[in-house]
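So the structure is just underneath, and the comments pick up after that.
Values quoted throughout were computed directly from the atomic coordinates according to the rules given, and no laboratory measurement underlies them. What you see is a predicted model; the values in this text were computed from it and never measured. Positions of Cβ are backbone-derived with ideal geometry, glycine not excepted, and every protein chain shown enters the neighbour counts.
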Amino acid sequence: MIVVAAALIPVGERSEEQLFPEGVALVTRSEGADAWELFPEELRAMARATLARQREFALGRRCAREALALLGGPRVAIPVGRFRDPVWPFGYVGSIAHCQGFCAVAAARTLPSSGYPAIRGLGLDSEQAVSLSEELVGVVCSAKECEWLASRQGDGLPWDRLFFCAKKSAYKCLFPTTHRFLEFRDMGVRFDAGHGAFDVTLPSLYGTPSHLFGRYLIRNGLVLSATTWMEESACP
Ligand SMILES: CC(C)(COP(=O)(O)OP(=O)(O)OC[C@H]1O[C@@H](n2cnc3c(N)ncnc32)[C@H](O)[C@@H]1OP(=O)(O)O)[C@@H](O)C(=O)NCCC(=O)NCCS
């Protein structure tokens, strides 16, 4: 599907189509895929992987090619980068997320087309909607974020998992451009719970914006977070 919603949408009315702004193609699938669907170079990257991992990877590539097709893009291999990052064809960006047999892939054009804005990066993550261990909370969240978590205790949502997911989606959004490793606590997240949105404050990396905008969704026991780096996002 091509996502068509750009405005902030109240929590109860949101669906996967509204995770990204206009011009982003989002494909989600749960059923399996097989290694025979892969291009030779993709297959080579999976040569030593288990069958389960090969199927997970193949499902991601199938969704990615479907997302590119929705954008009128080419049917090509999406090789595995040096740091496991998917290498999208020239003129496209995207992101792949896996969780428990579920796969979601977003892709967009890097140049403006048909009235859609240019997009520099996309990040997508999917996690089980369950709380993190106490130890992991300390790795993921700053003291300020932990204070905010304490203020939301009892509202029934796994906010710590949402911090984890939001930061992972921001990392996936930036990495193909920066090739810089980031720790969770290098990024700060503030949620707008009323609109299912969040803002990520980033460390100053050359050529990247100081903030990224994201949206999240909790559905069918999964948390999904989506981050978009729009061409016009301010750079420091
Ligand atoms: C990118 C990363 C966070 C993804 O974690 P994960 O648990 O594998 O997440 P998911 O299973 O949802 O996503 C896997 C997909 O992410 C994509 N991905 C992997 N590494 C990536 C990277 N460096 N940049 C962008 N996308 C990446 C791949 O498409 C992968 O699927 P595939 O191997 O089938 O193609 C992890 O691989 C990583 O590099 N971690 C080191 C950095 C880190 O953890 N920093 C802490 C803050 S995020």
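Remarks
- Straight-line reach from Lys144: taking Cα to Cα under 19 Å and skipping same-chain neighbours fewer than 8 places apart, the lysines in range are Lys167, Lys168.
- Between Arg75 and Met230, the simple label model (points 7 Å from Cα in the Cβ direction) yields a spacing of 3.4 nm.
- Gap separating the Cα centres of the range 137-205 and the range 16-92, nearest whole Å: 25
- Toward the positive end of the charge dipole of the range 52-139, with +1 on the Cβ of Lys and Arg and -1 on the Cβ of Asp and Glu, the farthest Cα among Trp88, Leu136, Leu124 is that of Trp88.
- Across all directions, the average flat footprint of the convex hull enclosing the Cα atoms of the range 11-230 is 12.4 nm².
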